[in-house]
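See structure below.
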Amino acid sequence: MSKNQGKIIQIMGVVVDVEFDDDSLPEIYEALTVERGQQTITLEVAQHLDQQTVRTISLQNTDGLHRGQVVTATGAPISVPVGEDTQGRMFNVVGEPIDGREIAKSAKRAPIHRQPPTLTEQSNKTEILETGIKVIDLIAPLTKGGKAGLFAGAGVGKTVLIQELINNIAKFHSGNSVFAGVGERTREGNDLYYEMKDAGVLDKTSLVFDQLVSLFELNLILSLIAHFESALESGLSLG
């Protein structure tokens, strides 16, 4: 077996244990790949069980994988496309396009695990982010670089409000937005995509959709945000 390859010894849902040689154990957070027909499944090393075995988390469904299957260590963490090439595009949790179009080979990529920005790169000022929605700006203003939550029942307009914020950020601030659809929100992906396209703001929006909330998706979203101009100073997290 090749020095950078191991084999699956146990599968428990999305948790996959992989055995390697003593001198080739992958690092924590390193990406591993395994072939399933025409599809490549990505695993991320989460734990060293012993000197030969790692416990990994699969970012995709593990149906079809089996014990003894060959796994390849990439020698690097998971990386995703970032920057202008992601605008107007729709991705899954591993950064693969799911809108029927290929991503340019020249697209800039960045690892989802890296050092946080230094204090000198961050703004310590508290500024109001003008959304253009009067009731928000007057009664519940949002701060640049802050976080906000929308809590309400189904069908009352949470997604519509987020769409309006995306539209206003693009038109009035020439800003970029990243929309993450998780779980049941994946059903809204098609409608959201075409609504953004009709509104003329799709080229200022990156969309990420997945069935489960995961740190992988959060890291992917942060990777996308961090590579947009001024994101560190004026970003807003809205859920």
- Query: Say R0 is 41 Å: what FRET efficiency, to the nearest 0.05, do Val70 and Lys125 get from their beta-carbon distance?
  - Reply: 0.20
- Note on the structure: The exposure ranking of Ile9, Ile169, fewest beta-carbon neighbours within 10 Å first, is Ile9, Ile169
- Over 21 Å between C-alpha atoms is what I'm after, so list which of Lys144/Lys171; Lys158/Lys197; Lys105/Lys197 land there. Lys105/Lys197
- Enumerate the calculated ³J(HN,Hα) couplings along segment 129-146 in order (Karplus 6.51 cos²θ - 1.76 cosθ + 1.60, θ = phi - 60°), each rounded to whole Hz, writing x wherever the residue is Gly or Pro. 8, 6, 8, x, 9, 4, 5, 6, 5, 8, 9, 9, x, 9, 9, 5, x, x
- In whole Hz, with x marking every Gly and Pro, tabulate ³J(HN,Hα) for segment 170-182 from phi via Karplus 6.51 cos²θ - 1.76 cosθ + 1.60, θ = phi - 60°. 5, 7, 9, 10, 6, x, 10, 10, 10, 9, 10, x, 10
- Query: Treating the beta-carbon of each Lys and Arg as +1 and of each Asp and Glu as -1, no other charges, what is the dipole magnitude of segment 52-153 about its Cα centre, to the nearest 20 debye?
  - Reply: 300
- Message: For a quick check: with amide H placed at 1.01 Å from N, whose amide H comes under 5 Å from Ser206's, ignoring anything fewer than 5 positions away on the same chain?
- Response: Gly88, Ser177, Val178, Phe179
- Query: Tell me, how many Å apart are the Cα centres for segment 119-151 and for segment 42-97?
  - Reply: 34
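A short reminder: the numbers here are calculations on the coordinates, not readings from a lab. Predicted, not measured: the structure shown is a model, and the values here were computed from it. Cβ sites come from the backbone with ideal geometry, for glycine too, and all protein chains shown count toward neighbours.
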